[in-house]
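Notes to accompany the following structure.
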Amino acid sequence: MTNKVTVYEKPTCSTCRQLVKTLDEMGVEFDKVNYYVAPLTADKISDLLKKMGLKARDILRTKEQTYRDLDLANVEKTESELIALMVKHPELMQRPIIEKGASAVLGRPVDNVRALFK
């Protein structure tokens, strides 16, 4: 398995920019994917969740207007339904996510990324 590092981000996100700066300072080579421009598939989101050891609900951005509009705090959705909503509405997904080989972490807070490089 490759140890290629990929950052899934939104370039205008301050935490994403901070993460990129941290990785640069650490001397880590990485690819960036703006998942608003190149949307993630349901399979990719599922894969990232598995690598992080998280469920879809764990990475929902609960302060987003879309979260409120869809009443996700009160509506029961299956894992597959939540992932499908993240595909359709990428703003629902916490960012940045950093993937390295068979592992991934949510880069919020940015220091979470250090666990991938120990």
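The values are calculated or read from the model by the stated rules, or taken from the named source; none is laboratory data. Since the model is a prediction, treat every value here as computed from it, not as a measurement. A quick note on method: Cβ atoms are made from the backbone with ideal geometry, for glycine too, and the neighbour counts reach across all protein chains shown.
Mind checking which residues of the range 9-20 are in contact (Cβ under 8 Å) with a residue 12 or more places away in the chain and either in a helix (DSSP H, G or I) or of a type outside the set (Lys, Arg) (or both)?
Of everything in the range 9-20, those that are in contact (Cβ under 8 Å) with a residue 12 or more places away in the chain and either in a helix (DSSP H, G or I) or of a type outside the set (Lys, Arg) (or both) turn out to be Glu9, Pro11, Cys13, Thr15, Cys16, Gln18, Leu19, Val20.
Out of all the residues in the range 33-53, which are buried (at least 16 other Cβ atoms within 10 Å of the Cβ) and among the charged types (D, E, K, R)?
Hits for the range 33-53 are Lys44, Lys51.
Does Ala56 count as surrounded by 11 or more Cβ atoms within 10 Å (Cβ to Cβ), more than 12 Å from the chain's Cα centre (by Cα), at pLDDT 95 or above and within 17 Å of Ser80 (Cα to Cα)?
no
Got a number for residues in the range 59-94 being surrounded by 17 or more Cβ atoms within 10 Å (Cβ to Cβ) and among the β-branched types (Val, Ile, Thr)?
3
With respect to the numbered conditions (1) out of contact with any strand residue (DSSP E or B) (no Cβ under 8 Å at 6 or more places or on another chain); (2) at pLDDT 95 or above; (3) of a type in the set (Phe, Trp, Tyr), which one is the sole condition not fulfilled by Phe30?
(1)
Can you find, within the range 64-93, the residue that is farthest from Val7 (Cα to Cα) among those that are modelled with pLDDT of 95 or more and either touching a Gly at 6+ places or on another chain (Cβ under 9 Å) or among the basic types (Lys, Arg) (or both)?
Ranking the qualifying residues of the range 64-93, first place goes to Arg68.
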